[in-house]
Every structure is written in structure tokens, then in C-alpha cells.
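See structure below.
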Amino acid sequence: MHSLYVHIPFCRHRCGYCDFNTYSGLDSLIPNYVEALSKEIREVGSQGDRPRLHSLFFGGGTPSLLTTHQAGVLIGTIRHSFSIEAEAEFTLEANPDGLTERYLAELLLLGVNRLSLGVQSIHPAELAVLEREHGIERVVSSVRAARAAGLANLSLDLIYGIPGQTLDTWEQTLQCVLDLDPDHLSLYALTLEHGTPLRREVRAGRVAAPDDDLAADMYEQAGERLARNGFAQYEVSNWARRPAGPDAWRFASRHNLQYWRNLPYFGVGAGAHGYVNGRRYSNVLAPATYIRRMNAGPGRNWPLSRAVARSELLSNDEAMRQSMWLGMRLTEEGVPVEDFTQRFGVSPDGRFGPEIDELLAQGLIEREVRPNRLRLTEHGRLLANQVFVRFV
Ligand code: SF4
């Protein structure tokens, strides 16, 4: 079973901390971009005999900049070129910026059933450091619009470790967001990515550097607070509401689980990444180049489209390494030993015995017998990068 990621690389404004493949001031390209994307979707899906999808994700950028007509064109092309499971998860990322009930109800009719909103903070000073343009009132109205439209699966993103943020303001953000009754929360530590304006501001001393120890305290504080409010952590940065009943993990992101389980996914759009038939690939970054390539470039062998700039067939050993460090991100599921052994013909201990023994001795990972799996300890979650690097 596959997943499909569709990249929409346009934003009204470029936030100072962002290093995603996004562009402001290029909205005039959107109609041609949608046309080029439709071509790529057809090329990848149709050549592959309509691969089966159990999750779709429109990410960016700001996919909510698409009109419902443009979203409808893309979704119609996907339905024609891929076979979509009846219960497929279909996420659209959005900024809490001018979202209306009518727009969201139309997306729901098109098949979108999960909304991921970038909230980041409720405090104007923290949003200003990030150069985010919305305020909490727009978050509240967007969440109300989503619920009124009938969206039953709502995820909110937050950032901690923002210069000037304190344990108190973080607690207020958490409380305010919990009051909005989301189904899923993603909490990311602020990182100063290369080439971003925020990194330059910090380096020039105009903005305080993020405090790693304080960020670690915020992470722990959030874990406790979310657990008390019915959320269960399933990945280093992700928590899902966990209702009683047989499908208790239904709010865990099925699409992102596909990545962390190191399972195949298609990526279409400028700068999108994919992993199909043991091959990782990525598309050209610039939207104008992407459009040009899709209109003129020579065809490629499936699963690669004309937009692919780089591709690499992974060795078995590389795929094993990736399964280890990606699986270690899954705080609940971890690396299931039987699945790994069946997939690669060797157990995790057979290939990575010394690394695993050392991490067990350091108390960073633990071994469970039923089910048979390796995963991070509570302590290991705080030092997760030290675990991941052992397998990279
Ligand atoms: S809205 Fe999101 S994707 Fe766009 S620039 Fe800001 S952080 Fe990046």
C-alpha cells in the first residue's frame, strides 16, 4: 500500500525560520503549476497501473492557497490515476488565515478528511519572532470553521524553544490549544536552519539564541500536560487523542506513519521527495523549472517523472539503517523485530548488535518482548538524536 504527497510551494509571506521549499510572490504561477502537477500525477499514477493509496497529503507551502476548483482538478486527476482506499486519510495543510466554513466544506466534499493547521504559538511576541502573520483569533475562527464544516480530524502544530518564550507562555499556549479540542498535536523544537533570516538575526545578536535546556523542559512539560488531557505520544514530536475502543490510534497520522515505518510513498510537485521500489528520489526545487520540465522534458521510467532531479537506489544495508532510525522515532511502536527480520532477512541484533547493546546499556533504548520491539526509553526521547546517529 502506498501514500501520496503533493507539494504546493507557495506562501503569502515567507516566515523567518522556514527552510521548506516555499516561495512568496509567485502566486501568478499557481494555475500553470496545477496543470504541471496534474501531468506529473497522471504520469506517475497511470504508468504504474493505478497504485493503491491509503493516505494522501497536500503539504507545503500553503496548500490552502489553492482555490477549491484547483484542488478539485488535482483530486480528480489523482482519483483517475491512482486507486484510493475507501477509508484513506486525506490531509491538507493550512495556515489559520482566512479559512472559511464554506471553503472547508467544499474541500470535505472533495474528499479531504483531515486538516493540519500551523498554529505555532498564541503569543504575539513569539509569533513575531517567527514572522508568522496570524493571531490567536484567526486560529480560533479557523478551528470553528473546520468543525462547523464537518472536519472530524484536526491536527494543530506548535513550536517550542522560541526566543523569548518561557515555561509560563508555553503552558498558556498548550492550555489554549487544548481548549480548542484538537485530535492531534505536532510539537516541534525551533531549529535555526541554514540560510534562514532567523538564523542570521540570532548570529548578529539581534535575537536571543534558543535555549536548549529550556526547550527540553518545555518538551517534558508538554508530555505531562498532554498525557493528563487524554493524548498519547506515538512519535518523538507527535501526540494523538486516544479514544476508547478498538481503533484507539485512529488519530495518529497514517501518512506520516508511512514515512516512519520506511514504507513506500510517491511525492509530486516542486521539491517533493518519494520512495518507491527501493529508490529515493526528489524533484527539481523551483516552481518555474518544475513547470518547464513537466511541459517539455523527456519521459522517464516509472516511478520517476520528468520532474525528478535526483534519484538513488538504496542498498539493502542503507534501507536497514533507515528503518532503524526512522522506527526509533516511533515512541510507542519502535522497531518491530519480526517485521524487520522478515523484510531484510536479518534481525536488528544480527546487523546492529554492538550499537543496540550500547544504547541499551546507556538507557536510551529498551527491548520489549511482547510485542518483540526496540524503542526509545523516556530518557531516550530527550536525547533521540544520539540514538538516530548510531544508524545513519
Ligand atoms: S507558512 Fe509555513 S511553509 Fe510558508 S513560509 Fe511560513 S513556515 Fe514556511
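The values are calculated or read from the model by the stated rules, or taken from the named source; none is laboratory data. Keep in mind that this is a model prediction, so the values were computed, not measured. As a convention, Cβ positions derive from the backbone with ideal geometry for all residues, glycine included, and neighbour counts pool all protein chains shown. Side chains included, ligands, DNA and RNA excluded: accessible areas come from the protein's heavy atoms. Shrake-Rupley method; radii C 1.70, N 1.55, O 1.52, S 1.80 Å.
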> If the chain between ASP49 and ASP247 were fully stretched, how many nm would it gain, using 0.36 nm times the residue separation less the Cα-Cα distance?
Replying inline: 68.2 nm
> Which loop GluC sites (Glu not before Pro) in the stretch 152-254, with loop taken from DSSP, have no more than 13 other Cβ atoms within 10 angstrom of their Cβ?
Replying inline: GLU193
>> So if I take the alpha carbon set of the stretch 110-240, get Rg, then get Rh from the Kirkwood formula, what is the Rg over Rh ratio?
In response: 0.98
> Between GLY230, SER347, LEU109, whose Cα lies farthest towards the positive end of the dipole of the chain when Lys and Arg beta carbons carry +1 and Asp and Glu beta carbons carry -1, centred on the Cα centre?
Replying inline: LEU109
> Which of SER323, LEU364, TYR5 sits farthest toward the positive end of the charge dipole of the chain, with +1 on the Cβ of Lys and Arg and -1 on the Cβ of Asp and Glu?
Replying inline: TYR5
> Any idea how far apart HIS13 and ARG343 come out in nm if each label point goes 7 Å out from Cα toward Cβ?
Replying inline: 4.1 nm
> Computed over the Cα atoms of the chain, what is the ratio Rg over Rh, Rh following Kirkwood?
Replying inline: 0.95
> Points 7 angstrom from Cα along the Cβ direction at ALA189 and ASP211: gap in nanometres?
Replying inline: 1.5 nm
> Taking the inverse of the average 1/r across all pairs of different Cα atoms in the stretch 289-385, what Kirkwood radius in Å do you get?
Replying inline: 15.7 Å
> Roughly how many debye, to the nearest 20, is the charge dipole of the stretch 67-143 about its Cα centre, given +1 on each Lys and Arg Cβ, -1 on each Asp and Glu Cβ, and no other charges?
Replying inline: 160 debye
> Hey, got the dipole for the stretch 268-392? About the Cα centre, +1 on K and R Cβ, -1 on D and E Cβ, debye to the nearest 20?
Replying inline: 880 debye
> In Å², what does the accessible area per residue of the chain work out to with a 1.4 Å probe?
Replying inline: 44 Å²
>> Rounded to the nearest 20 debye, what is the charge dipole size of the chain about its Cα centre when +1 sits on each Lys and Arg Cβ and -1 on each Asp and Glu Cβ?
In response: 1380 debye
> Counting other Cβ atoms within 10 Å of each Cβ, which chymotrypsin sites (Phe, Trp or Tyr not before Pro) in the stretch 18-125 have at most 16 and sit in a DSSP loop?
Replying inline: PHE20
> Using the eigenvalues of the Cα gyration tensor, what equivalent ellipsoid semi-axes result for the stretch 330-388 when each is taken as the square root of five times the eigenvalue, whole Å, largest first?
Replying inline: 19, 13, 9
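Roughly speaking, what is the stretch gain from ARG79 to SER315, that is 0.36 nm per residue apart minus the C-alpha to C-alpha distance, in nm to one decimal?
81.7 nm
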> By accessible area of protein heavy atoms, probe 1.4 Å, what ranking do TYR275, TYR17 get, highest first?
Replying inline: TYR17, TYR275
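What percentage of the solvent-accessible surface of the chain, computed with a 1.4 Å probe over protein heavy atoms, is contributed by carbon and sulfur atoms?
That share works out to 50 percent.
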